[in-house]
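Report on one structure; see the data block that follows.
Read-outs throughout are calculated quantities, based only on the coordinates presented, and are distinct from any laboratory measurement. What you see is a predicted model; the values in this text were computed from it and never measured. Here the Cβ is made from the backbone with ideal geometry for all residues, glycine too, and neighbour counts use every protein chain on show.
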C-alpha cells in the first residue's frame, strides 16, 4: 500500500514498478499510534514513520475495523501515489496537505496494483481507513485533521 513516488527528474517508478526483492511478505505488527480529530470523530491512527513501515502499510491485514486507521507523514510535499498490492481489503485514503486539510479522498480497491495518484503535488500526509469511513462519518474534502499534539504540521514539526 505504500510506495509513494517522489517527484524527482526523471520520475521515480511507481510503486507497482519497483523491485519485488524487498517486498513485505506478511502484515507488520501494530505501529505506534496518535489520536487524530476529524470534526466530532476521533481515530487512534497507527503511524507509518519509516520507509519500511510506509512500504508495508496495511498489506496482508484482514478484518480492518471501523476504528482502524494508518497515517503516513510523507518526507516532503509530493504527488502521493498509493496502491493495494497484497491488501486483501479495500480501504479509503485521504490525501492531506501540510495544513491538515483533506484535499482528496480515494477508494483503493483490494489487491489493485495500479497506483492511485494524487491530483496535487503538495500532499504531505495520507490517512487510510476502513473502506467508506469518511462517507459514513460525514468527513469530506475541506475537513481539517488535528492531532492530540495540535495541528499535523506541529505534531510532526514541519514548516507549512
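Quick notes on this one:
- Length added when fully stretched, residue 49-residue 154, from 0.36 nm per residue minus Cα-Cα: 36.3 nm
- When 33, 25 are arranged by Cβ crowding within 10 Å, least crowded first, meaning fewest neighbours, the order is 25, 33.
- By the count of other C-beta atoms within 10 Å, a proxy for reagent exposure, 149, 106 are ordered fewest to most as 149, 106.
- Shown for the range 30-155 is the translational diffusion coefficient from the Stokes-Einstein equation, using the Kirkwood radius over Cα pairs, a temperature of 25 °C and a viscosity of 0.890 mPa s: 172 µm²/s.
- Linear extension gain, residue 107 paired with residue 76, 0.36 nm per residue minus alpha-carbon span: 8.8 nm
- Residue 27-residue 146 pseudo-label distance in nm [points 7 Å out on the Cα-to-Cβ vector]: 3.2 nm
- Placing pseudo-labels 7 Å out from each Cα toward the beta carbon at residue 62 and residue 114 gives an inter-label distance of 2.7 nm.
- Ascending count of other beta-carbon atoms within 10 Å, so fewest first, for 137, 26: 26, 137
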